[in-house]
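What follows is a short report on a single structure.
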Amino acid sequence: MSKLSNKIRTYSIVLFANLFAVLSFAQDKSLIVNDITQLNPIKINSIIAPTTFGEIMEAVKNHKGPISIGGGRYSMGGQTATENALQIDMRKFNKVLNFSKAKKEITVQAGITWRSIQEYIDTCNLSVKIMQTYANFTVGGSLSVNAHGRYVGQGPLISSVNQIKMVLANGDLVTASPSINKDIFYGAIGGYGGLGVIVEATLSLTDDCKVIRKDTLLSISSYKEYFFNHIKNDTSIIFHNADFYPNRYKKVRAVSFIKTSKEVTIPDRLKPLGNSYSFDRLAYKFISEHPSGKWVRQHILDPIIYRKETVEWRNYEASYDVMELEPKSRKKSTYVLQEYFVPVNKFDQFYPLMTSVLKRNKVNVINISIRHSNRDPGSLLAWAKSEVFSFVLYYKQGTSQGDRDKVKLWTHELTGAVISCNGSYYLPYLIYATKTQFTAAYPNYKQFFELKKKLDPDNKFRNKLWDAYY
Ligand SMILES: Cc1cc2nc3c(=O)[nH]c(=O)nc-3n(C[C@H](O)[C@H](O)[C@H](O)COP(=O)(O)OP(=O)(O)OC[C@H]3O[C@@H](n4cnc5c(N)ncnc54)[C@H](O)[C@@H]3O)c2cc1C
């Protein structure tokens, strides 16, 4: 009997220990914050997903250690976390608070995604004025990087923001706009969660409309002139970008979406949800892995895709889903973005520097999307210090330490090249730029840091970006 009870006791202990191990692993896993690249796992201490202003204010006021803020977690370098932090996951703070069709204005909680806003306003024939190409991002995350899209005659997201509300390190709720608490407005937008939690935003909207796609193939050396002669001042063009083809880097396909009264060829007003995107995902795999993938894309796939006349709604073209890019696994290799901005008069100086770095380092570039942006109206951490062209680099890299080291090296070179052209690089991506490169690219960093010291004297709001540079 006692032997049996001993056995039972031993089994129970083993069972309990295993159960405990499984539970703590599950708990540990939920405390690892990572981003879409899967390159930056960070162990945090705890996480909350507030649904009320009060919860955010209480948490910020009472928490003693570091606090990080998470939106959609699509930034790619640990910008939403740091070790042992409390992460405020904003994704459930996602309601529409006010909407006026007549004023073309919407007020939202900051964890809402562009997609949810689009679903809300589409029935009133309205559109988001400025956003990224994909609609999965949260408004708070987009404001904090001061995102941009392919909109002609626009620029950084801040230009479409009427007002924000923020929770500061002491738990106070403040309103900020271009006229009220200006310093907070111009610091927090593009401030990567360093000054506080953006909880609410009032955005100005615009009319939805039908657009027809037109494209033209050009040599890269003629693109700048083409843009200024045919695109920049044409108010009927809504979206425009140029795809710069690797690996020869000689040609671009300039693509515009122009207002039209023609019948739509795609009746959906928004991209349908839940699409498997099997063709797109296979195409990205082929382009990035097959030796002739890039040639086939430029000379066969794209000519077929662009042959067809396409008329669609603006909201349809603005509601891409990042799922279309997602590979089966990101274990051995992963898709990553980088972005570089140059003053428009440095376009012809920068692209040869960039392509020489990419060629020399045999970077597996899938696409470079060239876009234009007006000058930033005053953000402290403006990436558009003047009117700029941007080069959005989409590439594939291995995940081993050796592969990461290589990427770090050529990223330093590219960042050096863009700084030599008086340009800048985008901060939501891998945090490889040196402190000197950061301060050269963001010359108003001192004002931002002074504001942070004033509003957040204990350096509560932290993440990998501010750990690197603040
Ligand atoms: C496939 C893909 C395509 C992209 N295309 C574009 C593009 O076309 N244009 C462009 O500009 N960018 C683009 N990006 C970058 C993207 O815009 C940014 O990474 C953006 O931050 C993503 O939003 P998010 O909600 O995921 O933010 P997160 O990654 O969650 O957060 C980004 C930063 O904002 C902070 N933050 C989040 N919410 C708040 C809040 N409420 N208050 C204060 N701080 C907050 C975080 O702490 C973090 O520092 C792209 C990224 C991917 C992966």
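Since every read-out is calculated from the coordinates, none of them should be taken as a lab result. Please read all numbers here as calculations on a predicted model, not as lab measurements. Don't worry about glycine lacking a Cβ; one is built from the backbone with ideal geometry, like all the others, and counts go over all protein chains shown.
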Report task. Quick one: P(r) of segment 145-231 from all Cα-Cα pairs, 5 Å bins, percents rounded to integers, in order of increasing distance. Result -> 3, 11, 18, 17, 12, 10, 9, 9, 7, 3, 1
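With viscosity set to 0.890 mPa s at 25 °C, what whole-number translational diffusion coefficient in µm²/s follows for segment 185-316 from Stokes-Einstein and a Kirkwood radius over Cα pairs?
Values: Rh = 18.0 Å.
Approximately 137 µm²/s, per Stokes-Einstein.
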Query - More than 18 angstrom apart: percent of Cα pairs within segment 409-470 - result: 38 percent
Requested in this report: Can you check what the Kirkwood hydrodynamic radius comes to for segment 57-155, Cα pairs only, in Å to one decimal?
Outcome: 14.8 Å
Requested in this report: Return the lysines within reach of LYS453: Cα separation strictly under 18 angstrom, same-chain partners fewer than 8 residues apart disregarded; answer none if there are no such residues.
Outcome: LYS61, LYS64, LYS182, LYS464
**Report entry** Whole-number percent relative contact order across the chain, with pairs defined as alpha carbons under 8 Å at least 6 apart
**Finding:** 17 percent
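Between rounded, prolate and oblate, where does segment 68-218 land on the alpha carbon gyration tensor, with a ≥ b ≥ c its root eigenvalues, rounded for a/c under 1.5, else prolate if a/b exceeds b/c?
Details: a/c = 1.77, a/b = 1.43, b/c = 1.24.
Prolate.
I need the helices of the chain that pass two filters: whole DSSP H segments spanning 27 Å or more by Cα along the axis, and mean Kyte-Doolittle score no lower than -0.5. Each step should come with its number before you reach the end.
On the way: long enough: 2-30 (41 Å, 0.35); 401-420 (28 Å, -0.56).
Within the chain the helices that satisfy the rule are 2-30.
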Report task. Sticking to Cα atoms, compute the Rg of segment 351-461 to one decimal and its Dmax as the biggest Cα-Cα distance, whole number, in Å. Result -> 15.7, 45
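To the nearest 0.05, what FRET efficiency results for MET323 and SER236 with a Förster distance of 30 Å applied to their C-beta separation? Write out the running numbers ahead of the final one.
Numbers: r = 31 Å, r/R0 = 1.04.
That pair, MET323 with SER236, gives E of 0.45.
Applying 1/(1 + (r/R0)^6) with R0 = 22 Å to the Cβ-Cβ distance of GLU83 and ASN62, what FRET efficiency is obtained, to the nearest 0.05? Don't skip to the answer; put the middle values down first.
Numbers: r = 20 Å, r/R0 = 0.93.
Computed FRET efficiency for GLU83 and ASN62 comes out at 0.60.
In the structure displayed, which of LYS92/LYS259; LYS101/LYS385; LYS250/LYS396 lie more than 26 Å apart, Cα to Cα? Don't jump to the answer; show the numbers that get you there.
On the way: LYS92/LYS259 35 Å; LYS101/LYS385 33 Å; LYS250/LYS396 21 Å.
Violating the 26 Å Cα-Cα cut-off are LYS92/LYS259; LYS101/LYS385.
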Query raised in the report: Which distance in nm do the two modelled labels at LEU273 and THR175 give, with both placed 7 Å along the Cα-to-Cβ direction?
Result: 3.3 nm
Report summary line: dims of the chain, Cα set, principal axes, largest to smallest, nearest Å -> 89, 55, 48
Query raised in the report: For the residue pair TYR120 and LEU217, what label-to-label distance in nm results when each label sits 7 Å from Cα along the Cα-to-beta-carbon direction?
Result: 4.4 nm
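Distances over 17 Å make up what percent of all Cα-Cα pairs in segment 256-304? List each step's numbers first, then the result.
Values: 666 of 1176 pairs.
For segment 256-304, the share of Cα pairs beyond 17 Å comes to 57 percent.
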Query - Charge tally in the Cβ shell below 11 Å around PHE93, where Lys, Arg are +1 and Asp, Glu are -1, PHE93 excluded - result: 0
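Lys and Arg at +1, Asp and Glu at -1: add these up for the other residues within a Cβ distance under 9 Å of ARG314 and post the number. Present the calculation step by step, with values, prior to reporting the outcome.
Details: positive: LYS210, LYS259; negative: ASP207, ASP208, GLU312, GLU317.
Within the 9 Å Cβ shell, the charges total -2.
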